[in-house]
Amino acid sequence: MITRKMEWQQVSVDVSRYAIDLVSQLFVDAGCSGSEIEDRGDKASVIGYLGDSPSFEEQFRQLRRALIRASSEVGGIKVDSLLHAPVKTDDWAESWKDHFHPVDIGTRLRVQPSWAPLGPANAERIILKIDPGMAFGTGHHVTTQYCLELLERHVVPGQSLLDVGTGTGILALAAHYLGAYPVTALDNDPLATEAAVDNIRRNSNAVVSREIDGDASFCVLLGDFSDILSEQFHLIVANLTSTEILRLTHHLGRLRESGRLRESGRLRESGRLLIPGGYFIGSGVSAENWPAIRDTVVEAGLIMAEVLGGPNGCSKDEEEWVAFAAHLPARE
């Protein structure tokens, strides 16, 4: 259970759509715990949360300086609109309940608020009871839904999975119930890892470890994927920003050496997270950034297996976001 009581500052800035990913990453770099996008057509607001601690004013100043630099380079950022306002943790966590309702995703999954009564039984649906608390991942955003749909099609029972940026643990939980084993859930936000552990225990009696443990069904880790480059997984799923997807891609297929991509050798290499023959599921990519992401994934030696959203989307939200599954060929 999350017992930490803390006050937060909500930080927001108005941006053009093409600058959303960049500004979201700048918020993360400044220390924001969680972020969201308020869409208003051609314009949007990026909203993040910083702890209301003695370091807040300095973090806010650093964020403003970073936004000014980015605005001078790429435009699309209304720096004068940067604001902050206090928000209490309890208010933030409770406000999710007003917008969080059961939702069926794909052909096998149903995401259910943990506090809501269960609807009519459906033997064909796996029910995931989620309490988001302070973390991202309720199943209502199209980027999460894309990941869940792709997991349905690409999880192989008995094969290992890494969920990068686990948030509430929703993707890790879905993978577990679809048969992945073991499942490692990773996040750099301690509130997210606590929420993930809570949701796993709410849904399952499986063993949960807080460190790499081959005997545990779940490993929930606090940190960055760069902390576990000695590990390898059959399937990796990441619902992140385009910038973070690019970072992760460099550790999936061909490995970097002296700034260049090089072919992997015949032995298992430290630094490549994806096992040859495995799949990478990426989401959170804006349609504007998709060509660069696609090219980088292919350059790393992966083969695109499936793409959702973008020009193929059936709604405005689906057209604005892209998710994909890419395959790393097994060695001959």
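The values are calculated or read from the model by the stated rules, or taken from the named source; none is laboratory data. Just so it is clear, the model here is predicted, and its values are computed rather than measured. Note that we place each Cβ from the backbone using ideal geometry, even for glycine, and neighbour counts take in every protein chain shown.
Structure notes:
- Residue 183 falls short on exactly one of the conditions (1) without any contact (Cβ under 8 Å) to a residue 60 or more places away in the chain; (2) at negative phi; (3) out of contact with any Ser or Thr (no Cβ under 9 Å at 6 or more places or on another chain), and that condition is (3).
- Filter pass, residue 30 being surrounded by fewer than 22 Cβ atoms within 10 Å (Cβ to Cβ) and within 25 Å of residue 223 (Cα to Cα): yes
- Residues in the stretch 310-332 that are at pLDDT 75 or above and surrounded by 14 or more Cβ atoms within 10 Å (Cβ to Cβ): 310, 320, 321, 322, 323, 324, 325, 326, 327, 328.
- Among the residues making up the stretch 54-78, those that are free of Cβ contacts under 8 Å to residues at least 40 places away in the same chain and assigned to a loop (DSSP other than H, G, I, E, B) are 54, 55.
- Taken over the stretch 26-73, residues that are at pLDDT below 90, basic (Lys, Arg) and touching a strand residue (DSSP E or B) at 6+ places or on another chain (Cβ under 8 Å) amount to 1.
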